[in-house]
Amino acid sequence: MFDREKNLFDSYAAKRISRRDLLDGAAKLGIAGIAANAAFASSMSKAMAADFNWKAQSGKSVKLLLNKHPYVDAMIGDIEAFKSLTGMNVAYDIFPEDVYFDKVTAALSSKSDQYDAFMTGAYMTWTYGPAGWIEDLNTYIKDPAKTNPAFAWDDVLPGLRASTAWDGVAGSELGSGKAKQWCIPWGYELNNITYNRNVFD
């Protein structure tokens, strides 16, 4: 990649230009699609590496259990950048949703160590966490040696953070002070109903 393109993405990663400026600049330089994604990942990786020891787990491996989903496709597209940033190896299995949750339940209930991390839904963590099948992620989120202090956890919508945090006591409010953070929201979906009022009446 040429210097102009590299400088554009580096400027965005360093917060010297806005997202709009980045998009305008990329369009003017004719950068799109895979090339833009690769340049963005490279620049962001370098920026993140500047103030945190991303290589602390270099040489180690992590294995993921994933549900076939567009979120996963996006994540897989960035795995090479993650490997470069951390020096870690990443392996994964992907299953369609009709069998995925059976795979998760079987792996967790048997105490298998085959997978290090997996995709889940908020309501499932209310079973997995109190059963002792998953860890409280607060021990990672709140430790600056394990999570980059620049990670803006408070920028995640409060309802999403709360929906995945529970103390395991029936009737307790999700996200309460004693709640354990059973997973980190990756995305969310909104379900709604739209109808024609006249026809409905």
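Data table
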{"quantity": "Qualifying residue in the stretch 172-184 (condition: more than 22 Å from Pro130 (Cβ to Cβ), part of a loop (DSSP other than H, G, I, E, B) and more than 14 Å from the chain's Cα centre (by Cα))", "calculated": "no"}
{"quantity": "Out of Thr127, Thr120, sole residue that is β-branched (Val, Ile, Thr) and over 19 Å from the mean Cα position of the chain (by Cα)", "calculated": "Thr127"}
{"quantity": "Qualifying position, being assigned by TED's automatic domain parsing to the domain that holds Lys63 and either part of a loop (DSSP other than H, G, I, E, B) or modelled with pLDDT under 95 (or both), among Asp143, Asp113, Asp154, Asp93", "calculated": "Asp113"}
{"quantity": "Residue count, the stretch 147-184 (criterion: surrounded by 12 or more Cβ atoms within 10 Å (Cβ to Cβ) and closer than 25 Å to Ala14 by Cα)", "calculated": "5"}
{"quantity": "Matching residues, the stretch 52-69, being part of a strand (DSSP E or B) and surrounded by 16 or more Cβ atoms within 10 Å (Cβ to Cβ)", "calculated": "Leu64, Leu65, Leu66, Asn67"}
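Residue-by-condition table, conditions (1) touching a residue at least 40 places away in the same chain (Cβ under 8 Å); (2) touching an Asp or Glu at 6+ places or on another chain (Cβ under 9 Å):
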residue	(1), (2)
Thr105	no, no
Ser110	no, no
Met124	no, no
Asp143	no, no
Asn148	yes, yes
Gly159	no, no
Ile184	yes, no
Ile193	no, no
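The values are calculated or read from the model by the stated rules, or taken from the named source; none is laboratory data. Since the model is a prediction, treat every value here as computed from it, not as a measurement. Quick reminder, even Gly has a Cβ in these numbers, built from the backbone with ideal geometry, and neighbours come from all protein chains shown.
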